[in-house]
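*Asks:* Quick one: structure below, then a few questions.
The values are calculated or read from the model by the stated rules, or taken from the named source; none is laboratory data. Since the structure is predicted, the reported quantities are computational estimates derived from the model, not experimental observations. No Cβ is skipped: glycine too gets one built from the backbone with ideal geometry, and neighbour counts run over all protein chains shown. Just so you know, the surface numbers come from the protein's heavy atoms only, side chains and all, with ligands and any DNA or RNA stripped out. Shrake-Rupley method; radii C 1.70, N 1.55, O 1.52, S 1.80 Å.
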Amino acid sequence: MRLEHAKKLHAVGVIVLSLFGSIAAVLLALRWGAGLLEAGLFCLMYSLSMVGITVGYHRCFAHGAFEAPPWLRAALAICGSMACQGPVIYWVANHRAHHRFTDAPGDPHSPYFFGATPLGRLRGLWHSHLGWTYSHPIPDTVTYAKDLMRSPSTRRLSRLYFVWVGLGLVLPALLGGLLTFSLSGAVRGLLWGGFVRVFVAYQLSLAIGSIAHSQGQRPFHIRGLSANNALLALPTFGEGWHQNHHAFPYSGTFGLTWWQLDLGAVVLRGLSTLGWVWNIKVPPASAIAARRATPDEAWGMESTPAELAAQAAAGVRHAGPAVSNPPEEENRRHGERAG
Ligand SMILES: [Zn+2]
Ligand SMILES: [Zn+2]
């Protein structure tokens, strides 16, 4: 019950605080202007949180897409926590449930649970974007994240979540203050590197569950209606190539062709060059070809949005894998490892 209460408070708190902080930032900027300091601290903190979410929480902790030393895993978990999307173990458990039941009952944030009428689609979009953060069931971390629960260091990182959230606000304030030797610099740092940055990163991350499950290209024949959304791919550091990711969850790179820019993968390659990460998994060309949708499979989906909504309303559970996917099982199942 305490956890249920904390979840709701967290959902409302992040939205309200980041929204009001952003409004204050814009009003102050209109009054006194904004410049390099605001832009620089926003970009720095935004990049840290996005790398933390996509390279850390998502590719490293949820899917075990590469190997990294404990200090780097910790740094990635801390940066991910600054994005205010919940403690790493909680996030991973939720996310693995999303992979197991993609767009079917059991998926914490599918846009297809409210029928196929225009109003139902709109309600679904709201649920998959923001509504679910308030209403989703507390994920079963023992079932979905037992590999992380077994690691004392990951449990500690997860427990200290609010310390890292605080760090994400104090750091830009401190930098703003030191760079300008002024209190106003600290306030501008807090607003733009803290609140505005959380607001933008949060909304764009949520758009992967809402927009990238309803709008975009579907080159692969897989369960669910995830889609590749090129517009989202750049600001989300590669997360927008979301159908690629659902087709090959274990892959360290989400962009699967040369033109699919994936900044998360660029960061990973950089870290690999430094020798700080290794065994980055990528699907072999034969696996990619085997899953490509044929022209007669409309957009490569097994069900149309209307059919899926009807199935969800009837409580139809798609045949997800029997076990959730802790990375070692997921990777063994696919048996593909390269790079
Ligand atoms: Zn998805
Ligand atoms: Zn995933």
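*Asks:* Those residues that are in contact with a strand residue (DSSP E or B) (Cβ under 8 Å, 6 or more places away or on another chain) and under 15 Å from P219 (Cα atoms), I need them from the range 247-290; list them, please.
*Replies:* Across the range 247-290, the qualifying residues are A247, F254, G255, L256, Q260.
*Asks:* Select from the range 43-60 the residues that are open to solvent by less than 50 Å² (accessible area, probe 1.4 Å) and away from ligand 1 (no atom under 16 Å from the Cβ) and list them in ascending order.
*Replies:* M45, Y46, S47, S49, M50, V51, G52, V55, G56, C60
*Asks:* Condition first: open to solvent by less than 40 Å² (accessible area, probe 1.4 Å) and of a type in the set (G, A, S). Now tell me which residues in the range 221-236 satisfy that.
*Replies:* G224, S226, A227, A233
*Asks:* Kindly indicate whether A265 is open to solvent by less than 20 Å² (accessible area, probe 1.4 Å) and either of a type in the set (A, V, I, L, M) or more than 16 Å from ligand 1 (Cβ to nearest atom) (or both).
*Replies:* The answer is yes for A265.
*Asks:* Could you check how many residues of the range 61-84 are under 27 Å from G124 (Cβ atoms) and within 13 Å of ligand 2 (Cβ to nearest atom)?
*Replies:* 2
*Asks:* Restricting the range 48-60 to residues that are within 13 Å of ligand 2 (Cβ to nearest atom) and within 10 Å of the chain's Cα centre (by Cα), which is nearest to G168 (Cα to Cα)?
*Replies:* Going through the qualifying residues, I end up with I53.
*Asks:* Which one is farthest from W278 (Cα to Cα) among residues in the range 248-262 that are surrounded by 24 or more Cβ atoms within 10 Å (Cβ to Cβ) and away from ligand 2 (no atom under 11 Å from the Cβ)?
*Replies:* Applying the filter and picking the extreme gives D262.
*Asks:* Follow-up question, since we're still on this one. Scan the range 209-220 residue by residue and report those that are touching a Gly at 6+ places or on another chain (Cβ under 7 Å) and surrounded by 24 or more Cβ atoms within 10 Å (Cβ to Cβ).
*Replies:* A212
*Asks:* Related question: Could you please find all residues in the range 255-285 being under 20 Å from the mean Cα position of the chain (by Cα), closer than 19 Å to A233 by Cα and either part of a loop (DSSP other than H, G, I, E, B) or of a type in the set (V, I, T) (or both)?
*Replies:* Hits for the range 255-285 are G255, L256, Q260, L261, D262, V266, V267, V282.
*Asks:* Can I ask one more? If the Cβ limit is 7 Å and pairs must be 6+ apart or interchain, which residue in the range 163-187 that is touching a residue at least 24 places away in the same chain (Cβ under 8 Å) pairs with which residue that is outside any helix (DSSP H, G or I)?
*Replies:* W164/M82; V165/M82; V165/C84; L167/M82; G168/M82
*Asks:* With the requirement that a residue be crowded, with 21+ Cβ neighbours inside 10 Å and in contact with an Asp or Glu (Cβ under 6 Å, 6 or more places away or on another chain), what does the range 78-125 give you?
*Replies:* H98, S110, Y112 - these are the residues of the range 78-125 that are crowded, with 21+ Cβ neighbours inside 10 Å and in contact with an Asp or Glu (Cβ under 6 Å, 6 or more places away or on another chain).
*Asks:* For the range 19-42, does any single residue satisfy the condition of being within 16 Å of ligand 1 (Cβ to nearest atom), free of Cβ contacts under 8 Å to residues at least 60 places away in the same chain and not in a loop (DSSP other than H, G, I, E, B)?
*Replies:* Keep residues of the range 19-42 that are within 16 Å of ligand 1 (Cβ to nearest atom), which gives none.
No, every residue in the range 19-42 fails to be within 16 Å of ligand 1 (Cβ to nearest atom), free of Cβ contacts under 8 Å to residues at least 60 places away in the same chain and not in a loop (DSSP other than H, G, I, E, B).
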